[in-house]
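The values are calculated or read from the model by the stated rules, or taken from the named source; none is laboratory data. What you are looking at is a predicted structure, and each value in this text was computed from that prediction instead of being measured. Counting neighbours? That spans all protein chains shown, and the Cβs are built from the backbone with ideal geometry, glycine included. Just the protein is used for accessible areas: all its heavy atoms, side chains included, with ligands, DNA and RNA removed. Shrake-Rupley method; radii C 1.70, N 1.55, O 1.52, S 1.80 Å.
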Amino acid sequence: MSSILACALLALQLAPHAALQPGGARSQRPPSQRDVLASDVAEVRAAKHNILPLPPAPAGPKPGNLALVGDTWTTIADGDRALHSDARLSPARIDAADAGGAAKAWSVRSHVTFDYAVVEAPGLLDPANDNLLFGHLAAGSPERAAAARTAQRRLVVIDETVDDLYGSGVVDYMEARGVDYTVLRLPMVEEEKSMDLVLKVCEAMKKFDMPRRGSPVIGIGGGVCLDVIGLAASLFRRKSPYVRVPTTTLSYVDASIGAKSGVNFMGSKNRLGAYVPPVAALLDRAFLATEEPRAVASGVSEMMKMALMKSPRLFELLEAHAGRLVATRFQGDDAVPGEVLQLSIATMLEELAPNLWESSLDRLVDFGHAFGQELEMHALGTDVELTHGEAVNVDMAYMTVLAHTLGLVERDEMLRILRALDAFGCPIWHDMMTPDFVEHAYHERFQLSMGIRLPLPTGVGTAGVFNDVSVGDCLHALELYKELCGPGSAALADSGALRSLAAPPKVAVASR
């Protein structure tokens, strides 16, 4: 980073820390306001915009100035747009400007959009169900009807553990529907999540002679598998279509439904990646029936993230039913499992869709990930290893205490949240949560997000992104966090303060 950012880091380290008492007043601005970071200095702003000295675009929408004349794209005058049919006009725009002397500079504004589907598809491996082949196409559309009349080819990439459970079902499906297919089985685990796995998928795509558009590669597995498939497809021919089929609770509500893909690099989680969504995520919660309870709880942690950030209804459901949902693996005939999954997905999509490429780094969906991802990577391969959701849960508990010490949530709200986080099988404490680790994670967060951007709860189901939290604030909160959630703490003792709270309220749910 530049010397300017280094100075900003140093200033934050040296900034005096007010000795805030738990629940004390902290910030004068509205807690939900997403501010522009003061540390976004000139060179950071320059990185976000054109580096050439071009005039700024005028305010308001500016129509494109390219038209397809014959088979050639041609720059036209703004006043000539009416001379061309809408079908021959592009929203893209090219403007030329002087760049000094006889040199020219061209400013290119190109509009790139992605359309993708997230589809609940019960009975996905039933050969009578065509969603595995055509779920990325709209039901009843001419495109889907045409595809159904065409011979199909598919490369299926599957996690080896999932293959042991469901591989025969995948083969039976493809055979029954007469598909030309190949199945690639790989060890899709966090320790193997690297470019080597991505290249193995790319090699299989090359050998299979993947069609360029009409035959999406299918990835079946958990989050590691879906991330690897996504990155391989993003690289192969620069963008090949792919379908995600999540088989874990965590990937069902998180990895499968967004645009991001990535692999670990040099000890950092998902440091190499891309933003190209699948053509479809196909969701069948029957896959969750064979998942280990620890993994189901890890997925519930990601649901709790969305509940705390923006959905009081989802929080109430999880507060009342999370333990049962883990025990039953989201199976059953009542309405609760379905409503919890649907709310988790809908709230996640609301935050992702307007910011799919993370143009803004003020993201509520980063709650639990500010320090949690660093904690996950530090614990990886040790005797105290954490799943992704467990690391997120520890971070959420710590950030909830931090929010309380900053005066953003009342003590009763903090205790209620901690109690809910502690109720479904994920930890709320980890021994690596030391002052040294917190300082390290703080600075890693600063560098990754171009400043401190912490999503914090301001109540149950409400939140804001805060840019003015210091290292001192974090270390101060660590003391209370350890007291409440650490070994022998009130949070972990049966007679402790958290479990002595009233039982979570009953939540009314519709019967199915």
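Quick rundown of the values:
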| item | result |
| --- | --- |
| Residue in the stretch 106-124 that is on the phi > 0 side of the Ramachandran plot, of a type in the set (Gly, Ala, Ser) and under 31 Å from the mean Cα position of the chain (by Cα) present | yes |
| So Ala99, is it open to solvent by 50 Å² or more (accessible area, probe 1.4 Å) and modelled with pLDDT under 95 | no |
| Residues located in the stretch 277-328, provided they are of a type outside the set (A, V, I, L, M), free of Cβ contacts under 8 Å to residues at least 60 places away in the same chain and closer than 24 Å to Val224 by Cβ | Glu291, Glu292 |
| Residue match in the stretch 113-130 (condition: over 30 Å from Val340 (Cβ atoms), open to solvent by 20 Å² or more (accessible area, probe 1.4 Å), modelled with pLDDT under 90 and not aliphatic (A, V, I, L, M)) | yes |
| Cβ-Cβ under 8 Å pairs, at least 6 apart or on other chains, the stretch 134-159 side farther than 14 Å from Ile218 by Cα, far side at pLDDT below 95 and crowded, with 20+ Cβ neighbours inside 10 Å | Glu143/Leu137; Arg144/Leu137; Ala147/Leu137 |
| Count of residues meeting criterion [surrounded by 21 or more Cβ atoms within 10 Å (Cβ to Cβ) and out of contact with any Ser or Thr (no Cβ under 6 Å at 6 or more places or on another chain)] in the stretch 296-320 | 14 |
| Arg271 modelled with pLDDT of 95 or more, among the charged types (D, E, K, R) and part of a strand (DSSP E or B) | no |
| Residue satisfying condition, being β-branched (Val, Ile, Thr), closer than 13 Å to Gly222 by Cβ and open to solvent by less than 20 Å² (accessible area, probe 1.4 Å), within set Val253, Val243, Val263 | Val253 |
| Some residue of the stretch 164-183 being under 17 Å from Val276 (Cβ atoms) and not hydroxyl-bearing (Ser, Thr, Tyr) | no |
| Test for Glu376: is it of a type outside the set (Val, Ile, Thr), open to solvent by less than 30 Å² (accessible area, probe 1.4 Å) and under 21 Å from the mean Cα position of the chain (by Cα) | yes |
| Tally of residues being in a helix (DSSP H, G or I), hydroxyl-bearing (Ser, Thr, Tyr) and over 20 Å from Gly299 (Cα atoms) across the stretch 219-251 | 1 |
| Pair list, Cβ under 8 Å, 6 or more apart: the stretch 400-429 residue farther than 24 Å from His321 by Cβ, other residue of a type in the set (Gly, Ala, Ser) and surrounded by 21 or more Cβ atoms within 10 Å (Cβ to Cβ) | Val401/Ala477; Leu402/Ala477; His404/Ala477; Thr405/Ala477; Leu406/Ala477; Leu408/Gly464 |
| In the stretch 379-389, residue farthest from Met304 (Cα to Cα) [restricted to those that are open to solvent by 10 Å² or more (accessible area, probe 1.4 Å) and touching a helix residue (DSSP H, G or I) at 6+ places or on another chain (Cβ under 9 Å)] | Gly381 |
| Helices (runs of 4 or more DSSP H) contained entirely in the stretch 132-218, each with at least 2 residues that are closer than 27 Å to Leu250 by Cα and open to solvent by less than 20 Å² (accessible area, probe 1.4 Å) | 160-176, 195-207 |
